[in-house]
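Peer 1: Input: one structure, supplied below.
Values quoted throughout were computed directly from the atomic coordinates according to the rules given, and no laboratory measurement underlies them. Because the structure is predicted, anything quoted here is derived from the model rather than measured. Here the Cβ positions follow ideal geometry from the backbone for every residue, glycine too, while neighbour counts run over all protein chains shown.
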Amino acid sequence: MPKLSKPPDPRDPEYQNLERRVNLTLHLAVYAACCMTVWFAESITYSHWDWAGWSALLWGLGVLGHGLWVWQKNRLNPTP
């Protein structure tokens with residue numbers, strides 16, 4: 001476990017970059033879990049849900065937008 005060199009400060013750019021990356025990772029994990037659950041349920045019930053593909057696509061675009069936003073913010077405020 002790494003040791004902190006200073007107490008966490010939410011106004012610190014390094015802390016903000018880490019918080020954004022953690023939030024993106026959580027967003028991606030929830031997206032993947034939900035998509036897999038829907039597709040698994042769809043496959044074991046032998047049904048076809050039209051909304052499943054569209055919701056995965058739209059949510060995936062949201063995750064992509066979130067990732068681009070995090071990348072752009074981290075590029076503007078690089079950590080040393």
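Peer 1: Can you give the longest stretch of the chain with no exposed loop site, where a site means chymotrypsin sites (Phe, Trp or Tyr not before Pro) in a DSSP loop (not H, G, I, E or B) with at most 13 other C-beta atoms within 10 Å?
Peer 2: Excluding the exposed sites themselves, the longest stretch runs over 1-45.
Peer 1: Got a sec? How would 55, 43, 5 order by Cβ neighbour count within 10 Å, fewest to most?
Peer 2: Ranking 55, 43, 5 by Cβ neighbours within 10 Å, fewest first, gives 5, 43, 55.
Peer 1: Please report the Cα spread of the chain along all three principal axes, rounded to whole Å, starting with the longest.
Peer 2: Per principal axis, max minus min of the Cα coordinates gives 55, 28, 16 Å.
Peer 1: Can you work out the Karplus-derived ³J(HN,Hα) for every residue in region 68-74? Use 6.51 cos²θ - 1.76 cosθ + 1.60 with θ = phi - 60°, whole Hz, and x for glycine or proline.
Peer 2: So the J values, rounded to whole Hz, are 5, 5, 5, 4, 5, 5, 5.
Peer 1: Could you go through region 49-55 in sequence order and give the Karplus-derived ³J(HN,Hα) for each residue, using 6.51 cos²θ - 1.76 cosθ + 1.60 with θ = phi - 60°, rounded to whole Hz, and x for Gly and Pro?
Peer 2: Along region 49-55, the couplings run 9, 5, 6, 5, x, 5, 5 Hz.
Peer 1: For the chain, what is the mean residue ellipticity at 222 nm derived from helices alone (per DSSP H run of n ≥ 4: -39500 (n - 2.57); sum divided by total residues; nearest 500 deg cm²/dmol)?
Peer 2: The helix-only estimate for the chain comes to -26500 deg cm²/dmol at 222 nm.
Peer 1: Let me ask you something else. Scanning the chain for trypsin sites (Lys or Arg not before Pro) in DSSP loops with at most 16 other Cβ atoms within 10 Å, what's the longest stretch left with none?
Peer 2: In short, 12-80.
Peer 1: Which whole-number percent gives the relative contact order of the chain, counting Cα pairs below 8 Å spaced six or more residues apart?
Peer 2: 47 percent
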